[in-house]
Amino acid sequence: MSGRRSFFLPAMLALGYLFLYGPIVSLIVYSFNASRLVTVWAGFSTRWYGELLQNAAIGDAAWTSLRIAVISASAALVLGTLAGFVLNRYARFRGRGFFAWLLTVPLVLPEVIMGLSLLLLFVDLESVIGWPAGRGLLTIVIAHAALGTAYVAVVVQARLHSFDRSLEEAALDLGARPAKVFAVITLPLIAPALAAGWLLAFTLSLDDLVLASFTSGPGATTLPMWIFSSVRLGVNPQANALATIMVAVVTLAAVVAGRLLTGPRARAQES
Amino acid sequence: MSAPGTGRGWGRRGLIGIPYLWLLLFTLLPLAIVLKISFVESRLAVPPYGPLLETGEDGFRLGATLESYARLFSDSLYIRAYMSSIRYALAATLISLLLGYPMAYAIARAPKAWRIALLMLVILPFWTSFLLRVYAWIGLLKGNGLVNNALIALGVVGEPLPLLNNSFSVVLGLVYGYLPFMVLPLYATLERLDPALLEAAADLGCRPWRAFLEVTLPLSLPGVIAGSLLVFIPAIGEFVIPELLGGPGTLMVGKVLWDEFFNNHDWPAASAVAVAMLLLLALPMATMRRFLREEAR
């Protein structure tokens, strides 16, 4: 390695991180600005946090988003695990190739197309069979579950791929029923992948604007929908305060997760 | 007694049937309906489109029309939106590659204990709102924004540069939003690369840059392709970035679809735009799916 390159790589890395984190830092700094104008510093203030906490619309939107994210991620977990399991364990069944193809469609389909297509489906279904009646929470949950299922399936498939089946076989040889083997052996072994898949689906749901906007109806406003309507008209210091709170929560979660992953067990393995 | 996954009969049918039915209903059927709606008339009604098959006094009448598609070709707005979507997405992919490759390389060559932490730093922004991260650039790029104020204070420019609501801010936003998608697959291929290959090249008198061009780059090509597709595909259909950072001159096809649907309430036109976008993305999406399948294998 030449001396020039050993300088070049860290410099590019630093530049990349500056690019990724600079805007976030600027959001945080200006959330404490007393002035409404984001670019003029008028002294330190926590005024926007007060206004944010008193804004009932944001509270409602956050609660709506949280409920949708928990329900849709859980549905995606069940369906995605089933789908991943089926692809991993059943090498041959009619339409398997098509099944595998369909499962990857939500991963590559542009959000606007997926949102539009699901809305058209809901409208058609309602006019033909009367369900779902109107659009709102339920339709957003279905849309997010449809997206999440594909991501959970990828994660579960990757885990099952590197899965040692000798434990399952041993349990079967000892007379355990297949359902019990799944519950007692398979499930605990793939649990970390399930947790990762659920979390991924949960985050995708919580952050989604486009699918929710298409499939939502009156009375169901998610947090991204609220953020979008407040920032598309220009700068809004309450959005800065909200971003700061989100960053704080995520950082805390990342630190806790990092501690858990590199915690006592990992250290014990090292020694 | 059968192992889980080798049994036949109803249990197996149920296990396969449930996710299959779900995918048919909520992935395939919606796309089929988009195709259908793209061929019907736009109407002032609820829902705002006509039927494909109409029953009249003289029996059935086919309501299919190519009206929406004809508009895609006759109104230059659509063509321009497609062309600029491709241009912006290509520019964003190229810039992401030029910035992301050295980043991924630096992380892959960092001491092992640091790699996870450095990689986490690339992924972490994903867990904060995408909308808010894009919104942050408005405050930075505005006429009296942070970047312009800094440039003026430093005496680099006399008056504010037009940094927002133009092609520059849209491409910048796309790079910002999708850079991590470029870094991750690149890292995955570069990390697997055996350093002994480079040492062998050096021992044989190969200069570092030539070793890079002839050993590292070709071996990391799968990562380059995967990363480029992961940036290019979502960038083509992106809505939030052109909406928040773009201006009247920065058309993108995702935003055109959104406007047809939400502002013009022309659902057949929105569907036709969607179908045309799918045709545009068919090749990149098929390539991407092949990659996904190989990864899963």
Return yes or no: is residue B:140 free of Cβ contacts under 8 Å to residues at least 40 places away in the same chain, part of a helix (DSSP H, G or I) and not small (Gly, Ala, Ser)?
-> yes
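This table checks each residue for (1) farther than 23 Å from residue A:99 by Cα; (2) among the small types (Gly, Ala, Ser).
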| site | (1), (2) |
| --- | --- |
| B:237 | yes, yes |
| B:251 | yes, no |
| B:259 | yes, no |
| B:273 | yes, no |
| B:284 | no, no |
Pick from the range A:194-223 the residues that are outside any helix (DSSP H, G or I) and in contact with a helix residue (DSSP H, G or I) (Cβ under 8 Å, 6 or more places away or on another chain): which of them is farthest from residue A:253 (Cα to Cα)?
-> A:217
Pairs under 9 Å by beta carbon, first residue closer than 14 Å to residue A:65 by Cα and at pLDDT 90 or above in the range A:217-236, partner of a type in the set (D, E, K, R) and in a loop (DSSP other than H, G, I, E, B), six or more apart or different chains?
-> A:220/A:135; A:222/A:208; A:224/A:208
Exactly one of (1) under 20 Å from residue B:90 (Cα atoms); (2) among the polar types (S, T, N, Q); (3) buried (at least 24 other Cβ atoms within 10 Å of the Cβ) is unmet by residue B:271. Its number?
-> (1)
Can you name the residue in the range A:1-42 that is more than 9 Å from chain B (Cβ to nearest Cβ) and outside any helix (DSSP H, G or I) and is also modelled with the highest pLDDT among such residues?
-> A:32
Checked the range A:221-259 for anything surrounded by 22 or more Cβ atoms within 10 Å (Cβ to Cβ), over 16 Å from residue A:53 (Cα atoms) and either more than 10 Å from chain B (Cβ to nearest Cβ) or among the polar types (S, T, N, Q) (or both); matches are A:222
Which one is farthest from the chain's Cα centre (by Cα) among residues in the range B:192-237 that are more than 14 Å from chain A (Cβ to nearest Cβ) and crowded, with 18+ Cβ neighbours inside 10 Å?
-> B:220
Would you check if residue B:248 is more than 7 Å from chain A (Cβ to nearest Cβ) and buried (at least 16 other Cβ atoms within 10 Å of the Cβ)?
-> no
What number of residues in the range B:272-297 are closer than 30 Å to residue B:44 by Cα and within 7 Å of chain A (Cβ to nearest Cβ)?
-> 3
For residue B:266, state whether it is without any contact (Cβ under 8 Å) to a residue 24 or more places away in the chain and either more than 9 Å from chain A (Cβ to nearest Cβ) or over 17 Å from residue A:114 (Cα atoms) (or both).
-> no
Just one listed residue, out of A:80, A:84, A:97, is within 12 Å of another protein chain (Cβ to nearest Cβ), closer than 28 Å to residue A:163 by Cβ and under 16 Å from the mean Cα position of the chain (by Cα), and it is A:80
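The values are calculated or read from the model by the stated rules, or taken from the named source; none is laboratory data. Treat the numbers as computed from the prediction; the structure is a model and nothing was measured. Virtual Cβ from ideal backbone geometry, glycine too; neighbours counted across all protein chains shown.
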